[in-house]
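The values are calculated or read from the model by the stated rules, or taken from the named source; none is laboratory data. As the structure is a prediction and not an experimental result, all values here were calculated from the model. Ideal geometry is used to build each Cβ from the backbone, glycine not excepted, and the neighbour counts take in all protein chains shown. Quick note on the areas: whole protein, heavy atoms, side chains included, nothing else; ligands and nucleic acids left out. Shrake-Rupley method; radii C 1.70, N 1.55, O 1.52, S 1.80 Å.
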Protein chains: 2
Amino acid sequence: MSEAKRESMQKYSSSKENYLKAIFHLQKSDGVVTTNDVANELQTRPASVTDMLKKLKAQKLLIYERYKGFKLSQEGRKVALQIIRKHRLWEYFLVEKLQFGWDEVHEIAEELEHISSRKLIDRLDEFLDYPKTDPHGDPIPDSQGRFTLIKQVDLLHLPPNKTGEVSGIGDQSPEMLELLKHKQIGLGTRIEVKKIFAFDHSLELKVRNQSIVTVSEHVAKNVFVKYDE
Amino acid sequence: MSEAKRESMQKYSSSKENYLKAIFHLQKSDGVVTTNDVANELQTRPASVTDMLKKLKAQKLLIYERYKGFKLSQEGRKVALQIIRKHRLWEYFLVEKLQFGWDEVHEIAEELEHISSRKLIDRLDEFLDYPKTDPHGDPIPDSQGRFTLIKQVDLLHLPPNKTGEVSGIGDQSPEMLELLKHKQIGLGTRIEVKKIFAFDHSLELKVRNQSIVTVSEHVAKNVFVKYDE
DNA sequence: AATTAAATTTAGACAAATCTAAAAAATAAA
DNA sequence: TTTATTTTTTAGATTTGTCTAAATTTAATT
Ligand SMILES: [Mn+2]
Ligand SMILES: [Mn+2]
Ligand SMILES: [Mn+2]
Ligand SMILES: [Mn+2]
């Protein structure tokens with residue numbers, strides 16, 4: 001086995017993996033990541049984050065100069081993507097094979113994502129028949145860390161009377177997932193926007209070609225759909 | 001939820017869980033467990049074991065007086081059995097659903113057994129259709145920690161020309177499992193003892209009603225079978 | 001530009017799990 | 001029953017990941 005390959009197989013602590021994943025996600029939305037962002041995301045203290053940043057830098061997983069911000073190195077990004085791959089495959093397994101609800105799986109996957117066996121995750125992928133997205137519509141990276149972003153638009157930008165199919169959820173807090181579950185909106189649900197009130201930008205939706213439900217602008221901004229143009 | 005129930009749901013560190021499991025297994029074979037036994041089993045140092053014994057005692061998982069030996073408390077035994085349940089269910093999953101060989105699954109299960117969700121393991125049990133034994137023939141405790149010992153006898157005590165069915169393996173080291181795999185002996189394999197040599201107690205076996213293979217006394221002592229009397 | 005506020009880092013501490021080396025207790029041998 | 005050997009425990013360190021409080025740097029306001 002080559003040196004580079006062995007390096008990519010290296011096992012990091014669960015804590016380090018959680019940091020790498022958090023930084024990866026924060027890079028997505030902001031571009032620049034701050035110490036406080038990470039502390040907030042991981043429910044920890046800024047001082048603890050600084051400590052860890054130094055360790056990640058020492059292992060060349062992070063590009064970091066004190067006070068000057070930071071970002072993942074190539075290697076750090078690669079590791080993060082493998083954790084995300086594991087997280088999402090396990091979520092898919094829990095929902096599709098073990099009948100969990102989409103709002104129950106995140107916490108459990110947060111533990112399962114740290115199981116180290118490469119062979120396990122590749123066999124699981126095969127067993128699940130190579131799913132492309134997890135139960136929340138997020139793309140699952142392949143074993144090389146490649147994944148495709150799905151072109152999607154939030155409900156506020158779905159043209160009125162066009163039917164869209166739910167393809168992703170932005171805010172995936174338990175509260176949000178509970179609300180969507182209650183309104184019977186899930187991945188693949190067909191939705192039409194019937195009206196957007198000028199007053200508070202709340203929306204009336206036709207869900208599953210049946211019931212009319214109302215959602216706030218805040219909710220609408222976090223429900224993504226794909227539709228035929 | 002009752003106090004007792006919450007206690008049984010308590011999460012312990014992976015390290016503590018490994019100690020409890022090791023002590024449980026050592027109690028089985030010996031009755032009395034020693035500090036050195038545990039150190040040897042867990043590939044650690046006697047001093048580390050003593051440290052941990054004190055912590056387990058403080059948590060009432062262990063009955064222990066310095067220099068006087070130790071054994072699991074009721075609660076410790078209960079925790080150990082839940083870890084063993086998880087270990088064996090995951091092993092079964094890996095072999096039956098992900099096509100792993102029986103000699104590949106132990107290490108991975110050693111990690112998976114520490115995933116904490118109770119609901120996960122009960123759903124997994126259901127998904128697997130409540131298997132009673134793991135891929136090595138060891139019984140899987142139910143969610144209350146109950147399990148039944150299978151009546152079995154080692155190959156040396158299988159009456160000559162009686163056909164037995166392999167139901168368990170004693171020594172489950174990778175070396176042993178590799179040997180058995182090579183001789184095409186696995187769980188459920190039908191075996192007849194054709195001859196036991198007085199010189200070294202080695203055995204000639206008829207395997208699968210076909211090939212004649214020779215195994216040492218050491219091997220025979222670690223292959224268990226059940227048969228109709 | 002000087003001051004205030006916010007973000008970040010350092011200093012020092014702590015808990016968990018481990019180790020080595022040395023002391024104490026229990027066992028085995030002489 | 002002394003003496004020697006083995007087992008077990010203690011004492012004192014080390015590593016990893018975390019914390020609080022204080023210092024430093026950067027950013028925002030007057
Ligand atoms: Mn995690
Ligand atoms: Mn997800
Ligand atoms: Mn384990
Ligand atoms: Mn097993």
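The single residue among A:LEU53, A:LEU42, A:LEU81 that is away from chain B (no Cβ under 14 Å), more than 16 Å from DNA strand D (Cβ to nearest atom) and over 19 Å from B:PHE127 (Cβ atoms) turns out to be A:LEU81.
For segment A:122-173, the set of residues classified as under 13 Å from the mean Cα position of the chain (by Cα), outside any loop (DSSP other than H, G, I, E, B) and in the same structural domain as A:GLU107 (by TED's automatic domain parsing) consists of A:THR133, A:PRO139, listed by residue number.
B:ASP51 fulfils the conditions (1) away from ligand 3 (no atom under 16 Å from the Cβ); (2) touching a Lys or Arg at 6+ places or on another chain (Cβ under 9 Å); (3) modelled with pLDDT of 95 or more except for a single criterion, (2).
Does segment A:140-149 contain at least one residue that is away from chain B (no Cβ under 11 Å), on the phi > 0 side of the Ramachandran plot and either in contact with a helix residue (DSSP H, G or I) (Cβ under 6 Å, 6 or more places away or on another chain) or more than 16 Å from DNA strand D (Cβ to nearest atom) (or both)?
Taking segment A:140-149 first, the residues away from chain B (no Cβ under 11 Å) are A:140-149.
Now narrow it down to the ones that are on the phi > 0 side of the Ramachandran plot: A:145.
Restricting the remaining residues to those that are either in contact with a helix residue (DSSP H, G or I) (Cβ under 6 Å, 6 or more places away or on another chain) or more than 16 Å from DNA strand D (Cβ to nearest atom) (or both) gives A:145.
Yes, segment A:140-149 contains a residue that is away from chain B (no Cβ under 11 Å), on the phi > 0 side of the Ramachandran plot and either in contact with a helix residue (DSSP H, G or I) (Cβ under 6 Å, 6 or more places away or on another chain) or more than 16 Å from DNA strand D (Cβ to nearest atom) (or both).
Yes or no, residue by residue, for (1) modelled with pLDDT of 95 or more; (2) at negative phi:
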residue	(1), (2)
A:ASP171	no, yes
A:GLY188	no, no
A:ALA198	no, yes
A:THR214	yes, yes
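Can you tell me which residue is nearest to B:LEU26 (Cα to Cα) among those in segment B:144-172 that are polar (S, T, N, Q) and surrounded by 13 or more Cβ atoms within 10 Å (Cβ to Cβ)?
Filtering segment B:144-172 down to residues polar (S, T, N, Q) leaves B:144, B:148, B:152, B:161, B:163, B:167, B:172.
After this cut, where a residue has to be surrounded by 13 or more Cβ atoms within 10 Å (Cβ to Cβ) as well, the list is B:152, B:163, B:167, B:172.
On the way: B:GLN152: 20, B:THR163: 31, B:SER167: 21, B:GLN172: 14 Å.
Once the filter is applied, the top-ranked residue is B:GLN172.
Would you confirm whether or not segment A:98-105 contains a residue that is within 12 Å of ligand 1 (Cβ to nearest atom) and either open to solvent by less than 40 Å² (accessible area, probe 1.4 Å) or without any contact (Cβ under 8 Å) to a residue 40 or more places away in the chain (or both)? No, segment A:98-105 has no match at all.
Could you tell me whether any residue of segment B:194-217 is touching a helix residue (DSSP H, G or I) at 6+ places or on another chain (Cβ under 6 Å), outside any loop (DSSP other than H, G, I, E, B) and either farther than 30 Å from B:GLU41 by Cα or not assigned by TED's automatic domain parsing to the domain that holds B:GLU41 (or both)? For segment B:194-217, residues touching a helix residue (DSSP H, G or I) at 6+ places or on another chain (Cβ under 6 Å), outside any loop (DSSP other than H, G, I, E, B) and either farther than 30 Å from B:GLU41 by Cα or not assigned by TED's automatic domain parsing to the domain that holds B:GLU41 (or both): present.
Collect the residues in segment B:94-108 that are assigned to a helix (DSSP H, G or I) and at the interface with another protein chain (Cβ under 10 Å from one of its Cβ atoms), keeping them in residue-number order. Please lay out each step first, then the result.
To start, the set of residues in segment B:94-108 that are assigned to a helix (DSSP H, G or I) comprises B:94-96, B:105-108.
The answer is B:LEU94, B:VAL105, B:GLU107, B:ILE108.
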